[in-house]
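The values are calculated or read from the model by the stated rules, or taken from the named source; none is laboratory data. Keep in mind that what you see is a predicted model, and the values were worked out from it rather than measured. Backbone-built Cβ (ideal geometry, glycine too); neighbour counts: all protein chains shown.
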């Protein structure tokens, strides 16, 4: 056992001595340098490169560095360089519109260092012109970067770098797809007033480069506009480039709106040359609307007596901006009034015209003598034969005392007396 322990200790001492000797005689850590190679950049689009006129989209670019180094020196007296000569440092990418019908909304982008054999990405937002013609367009791209041109070593602990800046000019190709685009060429309205339904006639032209098949012209409400389509689509059929169509739609106007001009969106749904369903970009038209139909009771207060049945005449005037057709006036008889005939026909009333309605009122014998206001309204039809009801108006009625009357018996006796007196006077003259 003692011999074995001594033998193990001797082996450990020999191993330690060998390691120390190896550390003394091993060469110093070697350095390396590349004596060839530069960055080689090329650009490609990732994702689609096809866009529609008027579209805002993001173009994704991949910048790839295909530069390689083929000679490297390794020696103990070389200081290893911090940068490789095939690395594109601080790359700055810029995209310009050139002669393409679009605008670039993103500034130049810094994408950092791109070592040889690696790539980086950049994204640019573009806006294609609304009237862009279909076709393939070359869009210029620039990449500015710095790389290690050369390095000079002085002794074993000093090195000087010399960097070079280079700008690469290249092109990417973007495609503007054919599409159907509409231009509003005419707008006409008929009987379009606040609170009623009227007609809007729309004329549009296909100024795009694609023929629309099985096309339908459609109108729709624009945001919170008070114009609400009630007959919103009309079939066109084939709608080739340059063609023009005219269609008429029904549109209702909110009763809470004011006279003025309000937006209405116009769209074409169609099938493209591949049979795919598409919708054109909406075009917004300003639609003028007239004022609402309104009535006013313009006659002076009617006078009625307590406890009597009286016929009153009320004059109604159309103070609105459109004709009311087949108008009928109605009065609401409330205590102390009753009526068996509370409606009257007025007829057609154009703006500014008046008509008189005749009602029969019964006044209660216990009615208070004062001025009353009775609710009244006019029911009429608009230009599209829709039933409408006016706002409530007040018809003034004044209740006065009942006039004193002579009893019929007394009137008869008085007449007999007068006749008798006349006969006596006649006989006396004879």
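Among the residues of region 83-119, those that are part of a strand (DSSP E or B) and surrounded by fewer than 20 Cβ atoms within 10 Å (Cβ to Cβ) comprise 89, 90, 92, 94, 103, 104, 109, 110, 111, 112, 113, 119.
Yes/no matrix, rows are residues, columns are (1) out of contact with any strand residue (DSSP E or B) (no Cβ under 7 Å at 6 or more places or on another chain); (2) modelled with pLDDT under 95; (3) more than 30 Å from residue 212 (Cα to Cα); (4) in the same structural domain as residue 244 (by TED's automatic domain parsing):
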position	(1), (2), (3), (4)
267	no, no, no, yes
276	yes, yes, no, yes
279	no, yes, no, yes
282	no, yes, no, yes
316	no, no, yes, no
319	no, yes, yes, no
328	no, no, yes, no
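Across region 138-174, which residue is nearest to residue 384 (Cα to Cα) among those that are surrounded by 14 or more Cβ atoms within 10 Å (Cβ to Cβ) and within 36 Å of the chain's Cα centre (by Cα)? Looking at residues that are surrounded by 14 or more Cβ atoms within 10 Å (Cβ to Cβ) and within 36 Å of the chain's Cα centre (by Cα), I get 174. Do we have residue 356 as in a strand (DSSP E or B), farther than 14 Å from residue 338 by Cα and modelled with pLDDT of 90 or more here? Yes. Of all residues in region 295-307, at least one satisfies being outside the structural domain of residue 201 (by TED's automatic domain parsing), buried (at least 16 other Cβ atoms within 10 Å of the Cβ) and in a loop (DSSP other than H, G, I, E, B). Among the residues of region 191-247, which ones are part of a loop (DSSP other than H, G, I, E, B) and closer than 30 Å to residue 391 by Cα? Selection gives 191, 192, 194, 195, 196, 222, 223, 224, 225, 226, 232. The set of residues in region 337-352 being surrounded by fewer than 18 Cβ atoms within 10 Å (Cβ to Cβ) and either within 19 Å of residue 368 (Cβ to Cβ) or in contact with a helix residue (DSSP H, G or I) (Cβ under 7 Å, 6 or more places away or on another chain) (or both) consists of 338, 339.
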